[in-house]
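Visitor: To start, I am sharing the structure in question, which I have written as structure tokens.
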Amino acid sequence: MTLTKKTRIAVEAPNTINNNESHLLQRRHHRRVLFLSLEFNFAPFSGNGVLCRSLVSGLLDDTTNNETPNNDHTHVEIRVICAKPHPSTPNLSSDISVTHKNLEIWPVELQESSSHRWKRLDRHGPWNEFASALCCGSNSINFRGCIEQFEPTDVVAVDWHGMLAWQAVCTAITNTTNLRWRKDRVNVCYYNFRVYSSSSWGDQGNNNSSDGGTSDNNQFYKEMEQLSCRLADGIICLSEHDRCALHKLMLQDKKVEDEIMNPTCSHQEQKKVREITILPPPLRGDVCKLARMMDQQHQEGGGSSSLFNMYLPEKARKALDYAHQQQGTTISQQRLFLTCISRLSPEKSPHIFVNLLQQLGGVDFLRRHCLVPILCGARSVESYAEEVIQSFKNVCSSDDDDSFWPCIVIDHHLGPKELAAIFSHTVLNIHPCLYDAYGMTLVESAAFGVPSVVNCGGKVGAATLLGENEGCVALDLSGMEEEIRTETTDGKNDSNEEIDGSVKKLIEMLAPRIQHTASLLRSCSALAQVAKEARHRALGWDELSCCRGLVEKLNSLTND
């Protein structure tokens, strides 16, 4: 007989079956969640940390957990295991304080030898040291003892690194003496933030590494993600694109195929393959509160663009002041930033933003239309980041003093107030990533009334929530460079064109590539409508809405 999760319970702990209903009811009323994520609150550098903190915050909110029958209250406790970089790691962002009476954070303190791996979530990150610490106990925390004492009812593991960490926990806890709790009675949810094996990063490989290139990368990620699916009782992802990719991975997994074809295969295993839940990330609470302050400012008759000026990075404030001085009275725009907020890593493709600026005309285009380009993001792959930043400066600056125009680089992870300040002065956000499981900054920019340009075809998860060509501008970014080059060298001289509004020229060039809405985006008033729809949708999906979905998923695993 194949020992699936449920049959293992029957063999190893038969007495628990007789009290199954009581056990399920107790689990619902007292949920203890072990949350495993490489990145959380220590020196965060990406959207992964943002989303993890939002999920934990939502789960701990009392309102979220009143979804049990008869409105009975559910008590939730959470223990987060995450990595903490060594203090010697260069360019660390500040830790973020996350406190709650029912929350404890157990850090895996990375060694100095792993400093160069921090800020990476791919196979070159510190995932192996993270998992090894949980298995071998080579850390200041006795993870095995803490986990056994906590007796988790549920595990939420983020990405394949989180699932490998859970596998390490299972390896360590093999002969537990805790008869009340067994690891095979825990509901394990694989929360996939990105399908690496199907992403552009997985396709491209790491050209600067000696890991064997594209095929080795693809095979590595495929094996890690198939293993994660096998270890999980339930799977959550962020987009339809990723759901299809994970479903395909599972069907290609010979071990899963053998299990499903076995006549004794449990209903749970079949259901796991069929039902991969899509749960879009929420607009995080701190950003949501800041965004709603704009409404209050409007009601009081003030302008929203100056609301967060005190939080603008100094170089951004100086660039904005310079642009306003040069603007004079000929252009009536209030927002001047053309923004790209993207981790400086190859899979995020910030170089596409630079290429777009170059094809539009670089510094001449920016100065003529009074737009200040701003590139924000933590350096993840140092050599790549330096190349992108240098190219950005070359495109947006000139050796001629008479043609000077400011461009801004902020190469660290932005806090919510800095984001609010930048987005309140942004006219258009460019999300250059050809594939992104979600794209947190799309929803965050939308909350402040900023429309975004994204790659089309469902390749960016947040576009599903915002609505392609409804709450964002969806284009084929993979082919945009050549198309724009053709249009800008067709012999036309637009140097005397008058620009009515913030980015009319840019929108006119992009509009022909937008299916069904080309005419809509030919005017800035139409762009404002896109921004309005984006803001409505972003503010409508908050942490409570998302975490109710997570609770529902965990409850469904309990019922199986």
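The values are calculated or read from the model by the stated rules, or taken from the named source; none is laboratory data. Worth saying up front: this structure is predicted, and the values here are computed from it rather than measured. Neighbour counts are summed over all protein chains in view; Cβ atoms, including those assigned to glycine, are modelled from backbone coordinates with ideal geometry. The area values use the complete protein model at the heavy-atom level, side chains included, leaving out ligands, DNA and RNA. Shrake-Rupley method; radii C 1.70, N 1.55, O 1.52, S 1.80 Å.
Visitor: Mind listing whichever residues of the stretch 36-58 are in a helix (DSSP H, G or I) and small (Gly, Ala, Ser)?
Guide: Gly47, Gly49, Ser54, Ser57, Gly58
Visitor: Follow-up question, since we're still on this one. Looking at the stretch 528-547, which of its residues are surrounded by 17 or more Cβ atoms within 10 Å (Cβ to Cβ) and basic (Lys, Arg)?
Guide: Scanning the stretch 528-547 gives Arg535, Arg537.
Visitor: Mind counting the residues in the stretch 428-471 that are β-branched (Val, Ile, Thr) and open to solvent by 10 Å² or more (accessible area, probe 1.4 Å)?
Guide: 2
Visitor: Report whether or not Thr2 is part of a loop (DSSP other than H, G, I, E, B), open to solvent by less than 60 Å² (accessible area, probe 1.4 Å) and modelled with pLDDT under 50.
Guide: Yes; evaluated as a whole, the condition is true for this residue.
Visitor: Taking the stretch 89-113 only, how many residues are within 17 Å of Phe143 (Cβ to Cβ), in a loop (DSSP other than H, G, I, E, B) and of a type outside the set (S, T, N, Q)?
Guide: Within the stretch 89-113, residues that are within 17 Å of Phe143 (Cβ to Cβ), in a loop (DSSP other than H, G, I, E, B) and of a type outside the set (S, T, N, Q) number 1.
Visitor: Moving to a separate point now. Being touching a Ser or Thr at 6+ places or on another chain (Cβ under 7 Å), hydrophobic (A, V, I, L, M, F, W, C) and assigned to a helix (DSSP H, G or I): is that true of Cys135 here?
Guide: Yes: the conditions hold for Cys135.
Visitor: Checking Glu148 against (1) among the acidic types (Asp, Glu); (2) under 22 Å from His30 (Cβ atoms); (3) at pLDDT 95 or above: exactly one of these is not met. Which one?
Guide: (3)
Visitor: Run down His86, His116 and say which single residue is in a loop (DSSP other than H, G, I, E, B) and over 13 Å from Glu39 (Cα atoms).
Guide: From the options His86, His116, the qualifying one is His86.
Visitor: Hand me the list of helices (runs of 4 or more DSSP H) wholly inside the stretch 295-393 holding 3 or more residues that are among the charged types (D, E, K, R) and at pLDDT below 90.
Guide: In the stretch 295-393, the matching helices (runs of 4 or more DSSP H) lie at 362-368.
Visitor: If you don't mind, there's one more thing I want to ask. Can you say whether Gly449 is outside any strand (DSSP E or B) and in contact with a His (Cβ under 6 Å, 6 or more places away or on another chain), as far as the supplied structure shows?
Guide: No, not satisfied.
Visitor: Are any residues in the stretch 407-427 at pLDDT 90 or above, surrounded by fewer than 24 Cβ atoms within 10 Å (Cβ to Cβ) and in contact with a Pro (Cβ under 9 Å, 6 or more places away or on another chain), and if so, which ones?
Guide: Cys407, Ile408, Ile410, Glu418
Visitor: So, in the stretch 94-138, of the ones that are among the small types (Gly, Ala, Ser) and without any contact (Cβ under 8 Å) to a residue 40 or more places away in the chain, which residue ends up surrounded by the fewest Cβ atoms within 10 Å (Cβ to Cβ)?
Guide: So the residue we want is Ser113.
Conditions tested, residue by residue: (1) modelled with pLDDT of 85 or more; (2) in contact with a Leu (Cβ under 9 Å, 6 or more places away or on another chain).
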| residue | (1), (2) |
| --- | --- |
| Tyr190 | yes, yes |
| Tyr196 | yes, yes |
| Gly212 | no, no |
| Ala232 | yes, no |
| Ile236 | yes, yes |
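Visitor: Another one. Quick check on my filter: what residues within the stretch 274-294 are open to solvent by 20 Å² or more (accessible area, probe 1.4 Å) and in a loop (DSSP other than H, G, I, E, B)?
Guide: Correct list: Glu275, Pro280.
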